[in-house]
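The values are calculated or read from the model by the stated rules, or taken from the named source; none is laboratory data. From a predicted model like this one, the values you see are computed outputs, not experimental measurements. We place every Cβ from the backbone using ideal geometry, glycine too, and count neighbours over all the protein chains shown.
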Amino acid sequence: MSHPSIPRPAAAVAALLLLGVVGPTLSAGPACAVTATRGSLVATSLRVEGRAQPGSYVVARSTTSIAGARADRSGSYRVEASGFRAPDCRVTVSDGGGTPTATVALTGCTPSVSPVPPVPAPPTGSCVITPRAPVVLPAGRPTAFYVETTGCDTTTGSGATPTPVRWTVVAGSIPTGLTGPTVQGTTATALIGTPGVPGTYRFTLEVVDQVGAKDQETFTVTVG
């Protein structure tokens with residue numbers, strides 16, 4: 001999706017290019033059918049197995065992590081990764097082009113999704129997240145959900161050296177198949193990927209600027 005009135009930050013566009021949401025996809029060739037026969041997440045060790053087109057690149061994506069592996073000559077694949085997190089204990093498995101073909105419930109995993117507060121915490125300074133009305137994203141189509149701020153301090157006292165702005169999902173769950181916040185250190189961020197599970201998702205994002213000012217905002221995204 002795009003917002004003509006809001007320019008995309010350069011860092012966000014770079015991230016989209018890397019993940020295949022805009023511009024070239026992760027791998028050449030047409031999308032191929034991918035199936036998943038099993039998946040597990042023990043602590044932060046992921047293992048997903050299944051079948052795909054021989055030689056194709058398979059991506060397992062949670063709301064916070066991405067891992068991938070190439071199918072062998074027989075079409076079998078095994079995606080393994082350490083340091084992997086899946087707050088809702090699900091991953092979307094797709095070909096390298098980002099078209100979701102299966103959603104896997106991970107065994108051995110304990111959900112870690114915090115409930116969305118009735119009212120987000122108020123800002124503690126001038127750094128404020130710009131609210132957005134509820135949006136609808138089409139299932140199975142690469143997209144991006146952008147979030148911006150106003151008044152965040154991103155430089156040192158001299159105004160010459162950029163310093164990090166930190167983005168975090170502090171409550172709820174972003175749509176399965178999206179990952180983010182993918183851009184850190186800037187006053188805008190994005191959730192990017194290919195939403196694969198229809199439903200309505202509510203989640204709260206938090207931003208903290210370089211002087212410690214923070215704000216939270218809750219968003220609603222429907223995938224259908």
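Structure above, values below:
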read-out: Hey, residue 102 under 15 Å from residue 38 (Cβ atoms), surrounded by 17 or more Cβ atoms within 10 Å (Cβ to Cβ) and either touching a helix residue (DSSP H, G or I) at 6+ places or on another chain (Cβ under 9 Å) or modelled with pLDDT under 90 (or both) or not; value: yes
read-out: Close pairs from segment 212-224: first of a type in the set (Phe, Trp, Tyr), partner surrounded by 19 or more Cβ atoms within 10 Å (Cβ to Cβ), Cβ under 8 Å, at least 6 apart; value: 219/145; 219/147; 219/203; 219/204; 219/205
read-out: Residue 124 being more than 15 Å from the chain's Cα centre (by Cα), touching a residue at least 12 places away in the same chain (Cβ under 8 Å) and not in a loop (DSSP other than H, G, I, E, B); value: no
read-out: Residue count for segment 109-152, restricted to those that are surrounded by fewer than 17 Cβ atoms within 10 Å (Cβ to Cβ) and either farther than 22 Å from residue 174 by Cβ or in contact with a helix residue (DSSP H, G or I) (Cβ under 9 Å, 6 or more places away or on another chain) (or both); value: 6
read-out: Strands (runs of 3 or more DSSP E) completely within segment 162-217 that count 1 or more residues being surrounded by fewer than 20 Cβ atoms within 10 Å (Cβ to Cβ); value: 166-172, 199-208
read-out: Selection status of residue 78, in the same structural domain as residue 39 (by TED's automatic domain parsing), basic (Lys, Arg) and closer than 16 Å to residue 168 by Cα; value: no
